Amino acid sequence: RHLLITALLMIGPVLASAAEAPAAPGAETPEVVKESFIQVLAKGGWVMWLIAACSVAMVWLTIDVWMRTAKKRMTPDADMDASRTAFRSGDYVGAYQAMKESQSPYAQVVRSALGAIGHGKDATEEALHARVDKVNSTLQTRINYLSVIGVCAPMIGLLGTVGGMMGAFKTLGTSGIGDPSKLSAHIGEVLVATASGLFIAIPAFMCFYFLRNKLQGAVMDLEDEASALFRNSPYELLKDTDVGQEETYAAVPNWINADEAAVSA
């Protein structure tokens, strides 16, 4: 930052003197050329490609997380109705199979809790909360990328600023102020790159905090709906019940089978 301020202080008077220099007698007044938005961005140099990639990523992440944290995606009415109907009729196996067919966060949480319901209330609640934490962590990771973009975009702009300042000093060292147009081109690269980086960083941070708060509310609703489903469940009647009916890979240790075969022989 000190280097940037020093360079601007050095170049500013040069540009001002060039601008205030009286026109030669008989010289025509230069025509002001209007530039399009794309032409202005092109002055930022090669770093504008990186800044453009950051802007696309920011828009995509914002839309993606917004849709994923919507109520109809987190706790779909169809999944809640199917699970409640099965629980009211005592069909826990049917509820597990129905939740297995859906990929919503609500279905994942209920399915995990049902898989542990035969081990008691504590195991069921632990499985439920563990799955809620996993859903929250997955979505929070996507939101954190917005914070990364908000930090990196100004740094990328600063990289373009340093490159533009290096070009400006090189022009001053070789041709002085004989051709102000070359010097102004480098100054434009400095300003456009810096402004573009800040233009991306500000909305990225705003979306980060907004979506983070939105996710917290959606996760709380998810946990409340799933916990309410298991309220007053007959855990004592479901003890040692394998509701999930998934394949078990952990068999009896082979040395126990060998010992039993030796004893029977």
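Computed from the coordinates by the stated procedures, all read-outs in this text should not be read as laboratory data. Everything quoted here is computed from the prediction, not taken from an experiment. For neighbour counting, all protein chains shown are included, and Cβ atoms are generated from backbone atoms with ideal geometry for every residue, glycine included.
Could you sort 122-133, 229-240, 197-208 so that the peptide with the highest average Cβ count within 10 Å comes first and the rest follow in order?
Taking the mean over residues of other Cβ atoms within 10 Å, the ranking is 197-208, 122-133, 229-240.
Working out 0.36 nm times the residue gap between Val59 and Asn254, then minus their Cα-Cα distance, what length gain in nm do you get to one decimal? Intermediate values should be presented prior to the final figure.
Details: separation 195, 0.36 × 195 = 70.20 nm, distance 5.58 nm.
Additional length available on full extension: 64.6 nm.
Cut-off 15 Å, label point 7 angstrom out along Cα-to-Cβ of Lys71: give me the residues of the stretch 91-112 whose amide nitrogen falls inside.
No residue qualifies, since no backbone N sits under 15 Å from the label point.
Between Leu146, Asn136, Thr161, whose Cα lies farthest towards the positive end of the dipole of the stretch 101-169 when Lys and Arg beta carbons carry +1 and Asp and Glu beta carbons carry -1, centred on the Cα centre?
Thr161
Nearest 0.05, what FRET efficiency do Leu198 and Glu236 give at R0 = 45 Å with Cβ-Cβ as r?
0.15
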